[in-house]
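Take a look at the structure set out below.
Please treat every number below as a calculation from the coordinates, not as lab data. Small disclaimer: the values here were computed from a predicted structure and weren't measured. Counting neighbours? That spans all protein chains shown, and the Cβs are built from the backbone with ideal geometry, glycine included.
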Amino acid sequence: MPRTFRNTYFALRHGISLANEQGLIISLPENGTCGWGLSPAGAAHCRERLAPHACEYCFAPERTVTIASDFTRARETAEVFCALHGLAAPQLDPRLRERCFGQLEKLQQDAYLAIWEQDVVDATHHLKGCESTDEVAARLRQLLAECEQRYQDRDIVLVSHGDPLQILETIFRGLPSNRHRTLSHLGNAELRRL
């Protein structure tokens, strides 16, 4: 990846979802793209956190591009964000999907810990059938390269999930992908300039 980018990138984590409220892991497309969207409280939280007066940044319609994971919770968050800021509808891109956690699907969220512990020692591991941090980073680098080729001087808002967005941040910081948990946690409906 280049040391300097032609565009300005923002990470936006999806709002509080039905799965978040139940403490469940939903990482497979067959579940995440067909359900498990924002909870009513999560949608209200998004509208509050992402309203123009609450945002640190101003997003002009003529220069802002919003690209979202096709998982329901991310798509719905992107739609709220775009509506609040008067932006064009978000583009959907599967490369922004949640990290696949394999056999952890529909387990309680404390099951993440074993994966994250293994991440620290191996950026290529597939414990419990999970997607490695290097694999997530590769798909995100591909998306960034396409954005850099297609756009210039744009604000590009990437709406995704906790692990992918923190792995994305490792790219911007020049860190190994498996250092993602050393970065500041992104809260639900949190927008961060990269």
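One table, with the values for the structure above:
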| read-out | value |
| --- | --- |
| Contour minus Cα-Cα distance for residue 63 and residue 141 (0.36 nm per residue) | 25.9 nm |
| Charge dipole (debye, nearest 20) of the range 81-194; +1 at Cβ of Lys and Arg, -1 at Cβ of Asp and Glu | 180 debye |
| For the chain, calculated [θ]222 nm from helices alone, where every DSSP H run of n ≥ 4 adds -39500 (n - 2.57) | -11500 deg cm²/dmol |
| Over the chain, volume per residue of the alpha carbon convex hull, in Å³ | 104 Å³ |
| For residue 161, net neighbour charge (Lys/Arg +1, Asp/Glu -1) across residues whose Cβ lies under 11 Å away | +2 |
| Virtual spin-label span in nm between residue 184 and residue 5, 7 Å along Cα→Cβ | 1.6 nm |
| Order of 159, 121, 80 - criterion: other Cβ atoms within 10 Å of each residue's Cβ, fewest first | 121, 80, 159 |
| Computed E for residue 151/residue 175 - FRET, C-beta separation, R0 30 angstrom, nearest 0.05 | 0.75 |
| Electrostatic dipole magnitude of the range 148-194 [Cβ: Lys, Arg +1; Asp, Glu -1; Cα centre; debye, to 20] | 120 debye |
| Order of 27, 17 - criterion: other Cβ atoms within 10 Å of each residue's Cβ, fewest first | 27, 17 |
